[in-house]
Amino acid sequence: MNRLSFPWFGAGGSVAFAPADQIAAGGPAQARVVSVCPSEAGKAKQGFAFFQGISRENTGARGLCLYKVVIPPGGAAEAHYHADHETAVYLLEGRVETFYGDRLQHSVVNGPGDFVYIPAGMPHKPVNLSKSEPALAIVARTDPNEQEGIVPLPELDELFAR
C-alpha cells in the first residue's frame, strides 16, 4: 500500500492507494480499498471551496467522483454545466437555491437531508441563501475526473447579476 500527501490536503491529509497497475488490473483479487482523508479545501472551477474525495486522480476511480463542497454565507458557485455527466448532491447543512435552465430561469430550494439530481449538460448555479452560515454538501458525478468536465458559463453569471 502506498500513501501520498497532496498540498490541498494540508498537514495530516493523505491518500492510501494501491499502485495504478494493480487498480487497472481490476477484479476483486487485485482491487484495493482506498481511503481519502482531506484536511484542507481546494478551490473548484465553479468558484467555491471543495474537499477532494474520490476521483481518478487520487484513487483510480473509473466511473465517478465524490467530494464535499462548501458554499460560504451569501456565496454562490459560478454558473456552469458538467459536459456529458450527471450530478447528484446531498445537502448536509444550509439552504441552497439552485438556479437552472438555459438562462437560469428555473430554481429549486433545498435544505439539510435533501437530494438533488442535475442532468448532464444542464446549466446551473447554486446559491447559499444564508448570510451567516455556510452550506455544506456531498457531490457525486459520473465523471471520475473531478474538475475536467466542468464548463463555466460567464455569460449566465452576467445575466444573473442584472
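Taking 45 Å as R0, compute the FRET efficiency from the Cβ-Cβ separation of residue 102 and residue 35 and round it to 0.05. Kindly include the intermediate steps, with their values, before the conclusion.
Details: r = 40 Å, r/R0 = 0.90.
Step by step, r from the Cβ atoms, then E = 0.65.
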Inset, instruction - Tell me which residues come under 5 Å, amide H to amide H, from residue 80 once H is placed; ignore anything under 5 positions away on its chain. - result: 124, 153
Inset, instruction - Would you please name the GluC sites (Glu not before Pro) within the range 96-162 that are DSSP coil residues with at most 16 other C-beta atoms within 10 Å of their C-beta? - result: 148
Inset, instruction - Give a residue-ordered list of calculated ³J(HN,Hα) values for the range 118-127 (Karplus: 6.51 cos²θ - 1.76 cosθ + 1.60, θ = phi - 60°; whole Hz; x for Gly, Pro). - result: 10, x, 4, x, 7, x, 7, 8, x, 10
Inset, instruction - Using amide H atoms built 1.01 Å from N in the peptide plane, name the residues 5+ places from residue 61, or on other chains, whose amide H lies under 5 Å from its own. - result: 55, 56
Legend entry - In sequence order, calculated HN-Hα J values of the range 91-106 (Karplus, 6.51, -1.76, 1.60; Hz; x Gly/Pro): 7, 8, 9, x, 10, 10, 9, 9, 8, 8, x, 4, 10, 6, 7, 10
Inset, instruction - Starting from the Cα of residue 130, step 7 Å along the direction of its Cβ; do the same at residue 84; then give the gap between the two resulting points in nm. - result: 3.8 nm
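Under 13 Å from the Cβ of residue 111, count the other residues' Cβ atoms, weight Lys and Arg +1, Asp and Glu -1, and hand me the total.
-3
Only the coordinates and a few stated rules stand behind these numbers; no lab work does. Since we're looking at a predicted model, the values are computed, not measured. Virtual Cβ from ideal backbone geometry, glycine too; neighbours counted across all protein chains shown.
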